[in-house]
Amino acid sequence: MSTPPRILLTGFTPFGNDDINPSWEAVRALDGKTLGGHHVVARLLPTAFADSERELTLAIDDVRPSILLGVGQAGGRSKLSIERVAINVQDARIPDNAGEQPIDEAVVVDGPAAYFSTLPIKAMLKAILAEGLPAEISNTAGTFVCNHVAYVMLHLAERHRDLRAGFIHIPYLPSQAARFPNAPSMAKDDVVRALSIALEVAATQRIDERLGAGTLD
Ligand code: PCA
């Protein structure tokens with residue numbers, strides 16, 4: 001019997017002032033599920049530049065996925081943010097969980113300035129919105145560990161014909177947002193539903209749709 005193709009879905013450990021990371025809470029809920037004929041394997045990555053890259057590479061060797069989707073927390077964002085681009089920059093405003101704080105260093109020395117997601121981001125957006133869940137296309141994954149992992153995923157995918165990759169940032173959970181006067185949040189069950197929809201679309205659709213989702217700022 002042939003085994004189904006696999007999706008490697010990653011979340012992160014808590015970082016900064018948080019003791020929970022919604023990305024891991026959501027991602028682990030999808031571990032073992034079948035979506036769009038693909039078996040989902042969830043893995044936890046450390047929120048540290050070097051360690052995340054090492055763990056990611058080990059997980060890819062172990063899982064041998066055909067789709068990589070990284071998920072990370074973006075406190076302050078109000079919607080599920082489907083990232084379009086990862087840039088070849090590390091510029092950390094706070095130290096990572098290993099105490100490293102690179103400033104204006106490359107993710108991959110001599111790598112291209114940026115990579116675009118190779119998942120059908122507009123089709124994913126459309127399907128999530130159709131379910132009444134908040135989502136947007138984002139044109140920056142920041143310059144911290146999430147962007148680093150997104151760039152490394154796309155750098156590896158560039159070398160493997162049958163590997164596609166992308167990244168999604170998610171808002172705070174309501175319990176995290178409650179600490180601030182006006183911080184937006186998204187309930188875990190809604191994030192899990194939105195991620196399942198995104199993965200169904202990514203697993204079953206290679207060609208993206210034409211749908212305006214740009215910004216003026
Ligand atoms: N968010 C951070 C790193 C880990 C996470 O969940 C980021 O956006 O870079």
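The values are calculated or read from the model by the stated rules, or taken from the named source; none is laboratory data. This structure is a prediction, so every number in the text was calculated from the model and none was measured. For neighbour counting, all protein chains shown are included, and Cβ atoms are generated from backbone atoms with ideal geometry for every residue, glycine included.
Worth pointing out:
- The residue list Asp31, Asp61 contains one member that is out of contact with any strand residue (DSSP E or B) (no Cβ under 8 Å at 6 or more places or on another chain) and at pLDDT 95 or above, which is Asp61.
- Of the residues making up the range 43-75, those that are among the small types (Gly, Ala, Ser) and surrounded by 22 or more Cβ atoms within 10 Å (Cβ to Cβ) are Ser52, Gly70, Gly72, Ala74.
- Qualifying residue in the range 79-92 (condition: more than 17 Å from the chain's Cα centre (by Cα), closer than 25 Å to Val192 by Cα and touching a residue at least 12 places away in the same chain (Cβ under 8 Å)): no
- Checking each residue in the range 159-188 for being of a type in the set (Lys, Arg), buried (at least 20 other Cβ atoms within 10 Å of the Cβ) and within 16 Å of the ligand (Cβ to nearest atom) picks out no residue at all.
- Selection status of His155, modelled with pLDDT under 95, away from the ligand (no atom under 16 Å from the Cβ) and either at positive phi or not small (Gly, Ala, Ser) (or both): no
- Some residue of the range 128-140 being in contact with a Pro (Cβ under 9 Å, 6 or more places away or on another chain), over 21 Å from Arg93 (Cβ atoms), charged (D, E, K, R) and not in a helix (DSSP H, G or I): no
- Residues satisfying the stated conditions in the range 37-74, i.e. in contact with a Ser or Thr (Cβ under 9 Å, 6 or more places away or on another chain) and small (Gly, Ala, Ser): Gly37, Ala42, Ala48, Ser52, Ala59, Gly70, Gly72, Ala74
- Given (1) part of a loop (DSSP other than H, G, I, E, B); (2) surrounded by fewer than 18 Cβ atoms within 10 Å (Cβ to Cβ); (3) away from the ligand (no atom under 16 Å from the Cβ), number of the condition His39 does not satisfy: (1)
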